[in-house]
Amino acid sequence: MKLGSLELEGRAFLAPLAGYGDSPFRVLCRRYGAAMVYTEMVSSLGIKFGNAKTFGMLAFEPGEHPVDFQIFGARPAAMVEAAELLAKAGVDAIDINMGCPEPKIVKTGAGSALLRNLPLVDAITSAVVRGTLLPVTVKIRKGFLIDDNVTEEILAICEKNGVAALAIHGSTAVQGRSGSKDWDVIAAAKAKASIPIIANGGVKKAEDAKRFLDYTKADYVMVGRAALGNPWVFEQINDVLGGSVPREPSADERFDVMQEHVDREVALKGDVAGVKEMRKHLAFYFRGLPEATTYRNRINQIKDPHTLKELLDEYRGLCIGTSEEVGHDAR
Ligand SMILES: Cc1cc2nc3c(=O)[nH]c(=O)nc-3n(C[C@H](O)[C@H](O)[C@H](O)COP(=O)(O)O)c2cc1C
């Protein structure tokens, strides 16, 4: 399937996940079948002033492409400059964040504040689309306040300005990360859309993704939290969409991937920062495994990759001894 000029294999995307969606995690999600991976959101000004490079946010591995790099900001000119720099850094698409509810972002007029400022949505999307040859995508929530729904207005602006695809999270900014997800709003947008629609919000397992796509008729599905500690979810979604039974990875495969994730984080961020970064990921990988709390607490005391490897090897032995197949269905 095509998204702008990109030829994609599959229909499930890794959602932008601040604090998680870095290059090591994106590589794993792509390997296990994500059709495209979004980066965590980065400030357009941070890219312009070089901070993103300092923090390793402009590091890409061959195995993670296509990468849709998400930027946030409220100044069209700065967004265009960021898009130009990102194109040179080798990203495959630019995504514009119009859903972040964090007060420190909203008060600058960026993120979900844009849902209440449609003239600025128009200015930013037209400037960025004109300012880059890359496909430009937009990610929104359905509105800002609980009863708001600006989906169709924003869809019309995106279509007019040449945006390549629109991702819709069927909740409002004031709902934050809780609250019900409105599938009907996504279905209604899809029924009118001339550009691909990406359905987002609430997929917990592969079967949910199929139901979501069937119900909304969206072109793609975007998965966030269900991918944490579980990059296999994409392969499972591809299996279910292809009519086959989703494969559960063995305990050995899980631990191989955990160790690879550690190694990649350490290579990118250094021993101390890499190990620290992995604590939160491992907490997700451990969900559903025996004695997860004990091992999570032990991991949190570790500061070097060697000791972390020893502990993961010990835990692998325990998990394999307990059961050959430890599924994430226990979550
Ligand atoms: C830890 C975390 C970080 C997130 N960071 C971003 C972000 O940087 N940009 C963004 O547009 N959405 C972000 N989101 C929202 C997700 O992309 C997604 O819209 C939301 O989690 C709903 O999808 P899900 O139910 O599949 O998780 C974040 C969500 C979580 C849980």
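The values are calculated or read from the model by the stated rules, or taken from the named source; none is laboratory data. Since the structure is predicted, the reported quantities are computational estimates derived from the model, not experimental observations. Note: ideal-geometry Cβ built from the backbone for every residue, glycine included; neighbour counts use all protein chains shown. Surface areas here come from the heavy atoms of the whole protein model, side chains and all, with no ligands, DNA or RNA. Shrake-Rupley method; radii C 1.70, N 1.55, O 1.52, S 1.80 Å.
Can you give me the number of residues within the range 264-292 that are of a type in the set (Lys, Arg) and either over 20 Å from the mean Cα position of the chain (by Cα) or crowded, with 17+ Cβ neighbours inside 10 Å (or both)?
Selection size over the range 264-292: 3.
Considering (1) assigned to a helix (DSSP H, G or I); (2) out of contact with any Phe, Trp or Tyr (no Cβ under 7 Å at 6 or more places or on another chain); (3) away from the ligand (no atom under 16 Å from the Cβ); (4) in the same structural domain as Lys107 (by TED's automatic domain parsing), say which one Asp208 fails and leave the rest.
(3)
I need the full set of residues from the range 28-44 which are within 23 Å of Glu102 (Cα to Cα) and buried (at least 19 other Cβ atoms within 10 Å of the Cβ), in order please.
Of everything in the range 28-44, those that are within 23 Å of Glu102 (Cα to Cα) and buried (at least 19 other Cβ atoms within 10 Å of the Cβ) turn out to be Val37, Tyr38, Thr39, Met41, Val42, Ser43, Ser44.
Could you check Phe25 against (1) in contact (Cβ under 8 Å) with a residue 40 or more places away in the chain; (2) within 14 Å of the ligand (Cβ to nearest atom); (3) in contact with a Ser or Thr (Cβ under 9 Å, 6 or more places away or on another chain) and say which number it fails?
(3)
Specify the residue that is farthest from the ligand (Cβ to nearest atom); the eligible residues are those in the range 3-21 that are touching a residue at least 40 places away in the same chain (Cβ under 8 Å) and outside any loop (DSSP other than H, G, I, E, B).
Leu6
Please work out which one of (1) assigned to a helix (DSSP H, G or I); (2) within 24 Å of Leu3 (Cα to Cα); (3) not β-branched (Val, Ile, Thr) is the condition Ala77 fails and give its number.
Here Ala77 clears every test but (2).
Take Ala83 and decide whether it is in the same structural domain as Ile198 (by TED's automatic domain parsing) and open to solvent by less than 10 Å² (accessible area, probe 1.4 Å). Write out each step before concluding.
On the way: in the same structural domain as Ile198 (by TED's automatic domain parsing): yes; open to solvent by less than 10 Å² (accessible area, probe 1.4 Å): yes.
Yes, satisfied.
Kindly indicate which of Pro231, Pro249 is assigned to a loop (DSSP other than H, G, I, E, B), buried (at least 19 other Cβ atoms within 10 Å of the Cβ) and in contact with a Cys (Cβ under 7 Å, 6 or more places away or on another chain).
After ruling out the rest, the residue left standing is Pro231.
Could you list all residues from the range 22-47 that are under 28 Å from Pro76 (Cα atoms), part of a helix (DSSP H, G or I) and not hydrophobic (A, V, I, L, M, F, W, C)?
Within the range 22-47, Ser23, Arg26, Ser44, Gly46 qualify.
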